[in-house]
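Asks: To start, I am sharing the structure in question, which I have written as structure tokens.
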Amino acid sequence: MSDATATLTAPRRALTGRLKAALVLFVLFALMPPLAAALNDPFYVLIGTRILAFAIAAMALDLILGYGAMVSFGHAAYLGFGTYAVAILASWGVNDLVLQILAAIAISAIFALVTGAISLRTKGVYFIMITLAFGQMAFFFFISLSAYGGDDGVALMQRSTVLGMDLLKSDFGLYYTTLAILVALFVLCHRIVGSRFGRVLTGIRENPTRMEAIGYSPFRYQLTAFVISGCITAVAGVMLANQAQFVSPAFMSWHRSGELIVMVVLGGVGTLAGPIAGAVAALLLEEWLGALSEHWKLFFGVFLVLMVLFSPRGITGLLEKAGIARRQE
Amino acid sequence: MMNLFVLQLLNGVQLGVLLFLIAAGLTLVFGIMDVINLAHGVLYMVGAYLIATFAAATGSFWWGFLLMLPAAVLVGLILEFVVMRRLYARSHLDQVLATFGLVMIATEAVKIIWGTAPLSVPMPDVFSGSIPLMGPLKYPVYRIAIIVAGLAVGLGLFVMVNYTRVGMLLRAGATNRSTVSALGVDINRLFAVVFTLGAVLACLAGALVAPILSVDTGMGESVLILTFVVVVIGGIGSVKGAFLGALLVAVVDTVGGVFGPIWLREIMDPAAAGQTGRVLAPMLVYILMAVILSVKPAGLFGRTA
Amino acid sequence: MTSLTVRNLTKSFGALKVTDDVSLAVEPGEIHAIIGPNGAGKTTLISQLSGQLGSDGGSVSLGDRDITRLSMPDRVKLGLARSFQITSVLPGFTTLENVALAVQAREGSSFRFFGTVAREEALNRAALKALAEAGLDHRADVLAKSLSHGEHRRLELAIALATEPSVLLLDEPLAGVGGEDAETFVANLQRLKGRFTMVLIEHDMDAVFQLADRVSVLVYGRIIATGTPQAIRSDPQVRAAYLGEEEEAA
């Protein structure tokens, strides 16, 4: 029985390593705005908020992609639900962030429940294509929603209020609120991954037949994870709408879904902290390439193809190859 | 009203035939190689740009068409050799990422080479004009030519799949991948042939549609997702499924788009019907897909997973 | 009342009848071995019993409950567990985690999203107990993928034990295990005898005749004889169809 304690240390070590990585990221995030202020370039704070929002979405996608092996190619839809929850509620005079987040979560939960239930009856290539198609369905829905600008989208008059306070009015306030939400959601995801539910989800990823043979029906666990992931992504959308002060179907095009997957893979699948770093890397790369050339997508595409062909395990894989990061077995 | 319906039905069939050409290659690639290729829509766009370039250079649609074909073969072979070949054994996630990268590369490359302004392709003289159908109703000859050409290719594909050795391997591969390798077939060559065939069919669809559509960089995108819906509905790996799925999707999309609001007017007031119709119309094919999948998760003709 | 009752079970793949009108009555607490030459349909039968594979006709009952239409997870919850012939564990999980998952499935909800499961003492203790019974507790913190073949077989057993079955279907637990390892494994099973009912598919005849209370012989999807090991050994029909070949080959 003395082995029981030894048993628990091995997986825990890997976990604390990831927690440390996340902690470092969060500290860097917290230090960024004063630094931008010192450099006299407050624009960075807005870009930073955008990065934080996408980090939330990438982490949410990792919850199902990394821990559940569900490659959802329709996650931009939930970003869209988040952004439109802000726009639509604002047009009804409801500006409170909490209410907007709740609305975004509610609509995402319903959409994820229905489309997830259909998509999860299939696997592999089918699953990817069906989630993509459902994402596109949501995209077209908002394109034809002429009351909210249709294709062109709609500008937001003001940022959301938080329980009556103008917390988000300043770019700093918005940035730190988004950061707080990211940290909170990271803790949530981290807990989920380490919980009974998380273990079952990971088990299904590893070997669904075995899981059935010990009494689990994969479907309900996968669907639950799918819904949770969609809801968290919607929160990212709410923050994104406040950052851009503009809402349009462009937030939910299938390219966005692809970019979210890129972020997850870039940072390392199934690590939670990795996709946060992946969002930073992907968006900075975008900004940088965009400043270099109007055809930055060409370079980004070449980068993607080369990354897949030569470093199947993303940035983490590259670091491991270079001997910087320890390989986690 | 009846005339409008017939007209939309024909438009639907014409779109369906095009979708079939694109989906046929895609479904074989999915079915046999288990590879997801997001860049398939790009090939459709490339086909259109190729014929636009060659037709402009030679001043003739026909020369453009003839030159497009070998160019399409070349594009397919290069793509297979440089990228796709390395993806067969990889995870679906890797395939998604790499082909997503290809979409970005191709779209930007087309913008760099041809610019962002839409191109147009002259219609061949023989096919210009319209023929009377019924009463005052006329239909453009070229669209009928597309339908005929598409059906002819479809028939050729049907014969190939059902009566040739390659077709036999394709069918065996779609049902059970390991069988084919057990037969001692050079899998790499078979894959290269299938992928290139699919690429050429997609280019062909793009070339056929070029004279009646403005050729631009967005054309691949819109068609890609519809093609996915077709493949999913028809069942992965099934050419027959792709054919029926394509017609179904295209007819529902075209006819539903026009008649949805009209039918809705029967049950609600016109303003609300117009609004609801506009919102629902583009979602119709996806709803169709959802309904079919909830009854048959593997599609109409898919092998049960 | 029998613990597992199979009535007229059939299964065809195309024109091939893999399970042909199989009926079995497994008594509580017994080890009931099913033997037969390769291709007799033993694994298919186990898969039908466990619910991994549907049946074309006939019925399966656990106690007095008809489970013919139930899914594999539902059968497990009622107390019917199986081990796999081809080792099928969760490779990225530790040995303990593999077993703890089985414990978790049997007791309590898995829709708990917050508590850290690795720190749940009750789960770990129960898992360690099952590991000890399979003789693998010393390898609790090793990743399943780095276990040896023999250890894999024990892990299979431990996982099945952890589900606390009333009936355990063992699909060739000794496959690929040789010599001393096999002997300890048989001793392990012997110790577990009587705690629950076991249906054992096994090629190792020594093990079968050592362990089984009764033996059924499956040939081309049909049961040609059922009886005590002694009766089966001397059954001329069985000798002709099966044991004879085996002895000639040996």
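Asks: If you scan the stretch B:254-274, which residues turn out to be among the acidic types (Asp, Glu) and either in contact with a helix residue (DSSP H, G or I) (Cβ under 9 Å, 6 or more places away or on another chain) or part of a helix (DSSP H, G or I) (or both)?
Replies: Let us first name the residues in the stretch B:254-274 that are among the acidic types (Asp, Glu), namely B:266, B:269.
Result: B:266, single match.
Asks: Here is a follow-up. Looking at residue C:177, is it under 24 Å from residue C:44 (Cβ atoms), at pLDDT below 85 and of a type outside the set (Phe, Trp, Tyr)? Reasoning before the result, please.
Replies: On the way: under 24 Å from residue C:44 (Cβ atoms): yes; at pLDDT below 85: yes; of a type outside the set (Phe, Trp, Tyr): yes.
When the stated conditions are applied, residue C:177 passes them.
Asks: Considering only the stretch A:131-162, state which residues are out of contact with any Gly (no Cβ under 8 Å at 6 or more places or on another chain) and either in a loop (DSSP other than H, G, I, E, B) or closer than 23 Å to residue B:34 by Cβ (or both).
Replies: A:145, A:149, A:153, A:156, A:157, A:158, A:159, A:160
Asks: Could you list, in sequence order, the residues of the stretch B:189-220 that are within 14 Å of chain A (Cβ to nearest Cβ) and surrounded by 24 or more Cβ atoms within 10 Å (Cβ to Cβ)? Explain how you work it out, then say what you get.
Replies: Pass one, the stretch B:189-220, residues within 14 Å of chain A (Cβ to nearest Cβ): B:217-218, B:220.
B:220 - this is the single residue of the stretch B:189-220 that is within 14 Å of chain A (Cβ to nearest Cβ) and surrounded by 24 or more Cβ atoms within 10 Å (Cβ to Cβ).
Asks: Among the residues of the stretch B:1-47 satisfying the criterion of being over 12 Å from residue B:243 (Cα atoms), small (Gly, Ala, Ser) and buried (at least 24 other Cβ atoms within 10 Å of the Cβ), which is nearest to the chain's Cα centre (by Cα)?
Replies: Among those residues, the one meeting the criterion is B:41.
Asks: If you don't mind, there's one more thing I want to ask. If I ask for residues that are at the interface with chain A (Cβ under 7 Å from one of its Cβ atoms) and closer than 18 Å to residue C:158 by Cβ, which ones from the stretch C:105-116 would you list?
Replies: Within the stretch C:105-116, the first condition is being at the interface with chain A (Cβ under 7 Å from one of its Cβ atoms), and the residues that meet it are C:105-106, C:110-116.
Hits for the stretch C:105-116 are C:105, C:106.
Asks: Right, something else. Can you pull out the residues in the stretch B:221-249 that are in contact with a helix residue (DSSP H, G or I) (Cβ under 6 Å, 6 or more places away or on another chain), away from chain A (no Cβ under 11 Å) and either within 22 Å of residue B:46 (Cα to Cα) or basic (Lys, Arg) (or both)?
Replies: Result: B:223, B:242, B:246.
Asks: Determine which member of the set C:102, C:160, C:127, C:134 is more than 18 Å from residue A:193 (Cβ to Cβ), within 7 Å of chain A (Cβ to nearest Cβ) and buried (at least 23 other Cβ atoms within 10 Å of the Cβ). First the steps, then the outcome.
Replies: On the way: C:160 fails: within 7 Å of chain A (Cβ to nearest Cβ); C:127 fails: within 7 Å of chain A (Cβ to nearest Cβ); C:134 fails: within 7 Å of chain A (Cβ to nearest Cβ).
Only one candidate passes the filter, namely C:102.
Asks: I need every pair where a residue in the stretch C:115-131 that is in contact (Cβ under 8 Å) with a residue 40 or more places away in the chain has its Cβ under 8 Å from the Cβ of a residue that is in a helix (DSSP H, G or I), sequence separation at least 6 or different chains.
Replies: none
Asks: Out of the helices (runs of 4 or more DSSP H) lying entirely within the stretch B:1-118, which hold 3 or more residues that are of a type in the set (A, V, I, L, M, F, W, C) and within 14 Å of chain A (Cβ to nearest Cβ)?
Replies: Details: elements: B:2-33, B:40-58, B:61-82, B:92-114.
The helices (runs of 4 or more DSSP H) meeting that bar are B:2-33, B:61-82, B:92-114.
Asks: Name the residue, out of A:74, A:82, A:135, A:93, that is surrounded by fewer than 21 Cβ atoms within 10 Å (Cβ to Cβ) and out of contact with any strand residue (DSSP E or B) (no Cβ under 8 Å at 6 or more places or on another chain).
Replies: Numbers: A:74 fails: surrounded by fewer than 21 Cβ atoms within 10 Å (Cβ to Cβ); A:82 fails: surrounded by fewer than 21 Cβ atoms within 10 Å (Cβ to Cβ); A:135 fails: surrounded by fewer than 21 Cβ atoms within 10 Å (Cβ to Cβ).
Sole residue among the options that is surrounded by fewer than 21 Cβ atoms within 10 Å (Cβ to Cβ) and out of contact with any strand residue (DSSP E or B) (no Cβ under 8 Å at 6 or more places or on another chain): A:93.
Asks: Which numbered condition in (1) more than 20 Å from the chain's Cα centre (by Cα); (2) closer than 30 Å to residue C:76 by Cβ; (3) crowded, with 20+ Cβ neighbours inside 10 Å is the only one that residue A:205 fails?
Replies: Status for residue A:205: all satisfied but (1).
Asks: Within the stretch C:13-28, which residues are over 19 Å from residue C:217 (Cβ atoms) and surrounded by 14 or more Cβ atoms within 10 Å (Cβ to Cβ)? Working first, answer last.
Replies: Within the stretch C:13-28, the first condition is being over 19 Å from residue C:217 (Cβ atoms), and the residues that meet it are C:13-16, C:28.
Result: C:28, single match.
Asks: Could you say whether any residue in the stretch B:280-288 is among the small types (Gly, Ala, Ser), under 20 Å from residue A:249 (Cβ atoms) and at the interface with another protein chain (Cβ under 10 Å from one of its Cβ atoms)?
Replies: Yes; the residues of the stretch B:280-288 include at least one that is among the small types (Gly, Ala, Ser), under 20 Å from residue A:249 (Cβ atoms) and at the interface with another protein chain (Cβ under 10 Å from one of its Cβ atoms).
Asks: Output the residues belonging to the stretch C:72-99 that are surrounded by fewer than 19 Cβ atoms within 10 Å (Cβ to Cβ) and within 7 Å of chain A (Cβ to nearest Cβ).
Replies: Result: C:77, C:88, C:91, C:92.
Asks: Would you please name the residue that is farthest from residue A:244 (Cα to Cα), looking only at residues in the stretch A:103-138 that are aromatic (Phe, Trp, Tyr) and either within 9 Å of chain B (Cβ to nearest Cβ) or free of Cβ contacts under 8 Å to residues at least 12 places away in the same chain (or both)?
Replies: First, the residues of the stretch A:103-138 that are aromatic (Phe, Trp, Tyr): A:111, A:126-127, A:134.
Applying the additional criterion that residues be either within 9 Å of chain B (Cβ to nearest Cβ) or free of Cβ contacts under 8 Å to residues at least 12 places away in the same chain (or both) yields A:126-127, A:134.
Numbers: A:126: 34, A:127: 31, A:134: 25 Å.
My answer is A:126.
Asks: Which count do you get for residues in the stretch B:230-250 that are of a type in the set (A, V, I, L, M, F, W, C) and not in a helix (DSSP H, G or I)? Break it down into steps so the answer makes sense when it comes.
Replies: The first filter runs over the stretch B:230-250 and keeps only residues of a type in the set (A, V, I, L, M, F, W, C), leaving B:230-233, B:236, B:239, B:242-244, B:246-250.
Narrowing further to those that are not in a helix (DSSP H, G or I): B:236.
The qualifying residues number 1.
Asks: Assess whether residue A:210 counts as being under 22 Å from residue A:273 (Cβ atoms) and basic (Lys, Arg).
Replies: Values: under 22 Å from residue A:273 (Cβ atoms): no; basic (Lys, Arg): yes.
When the stated conditions are applied, residue A:210 does not pass them.
Asks: A follow-up question, please. Of the conditions (1) farther than 16 Å from residue C:105 by Cβ; (2) among the polar types (S, T, N, Q); (3) within 14 Å of chain A (Cβ to nearest Cβ), residue C:44 clears all except one; give me its number.
Replies: (3)
The values are calculated or read from the model by the stated rules, or taken from the named source; none is laboratory data. Because the structure is a prediction, the values reported are computed rather than measured. For neighbour counting, all protein chains shown are included, and Cβ atoms are generated from backbone atoms with ideal geometry for every residue, glycine included.
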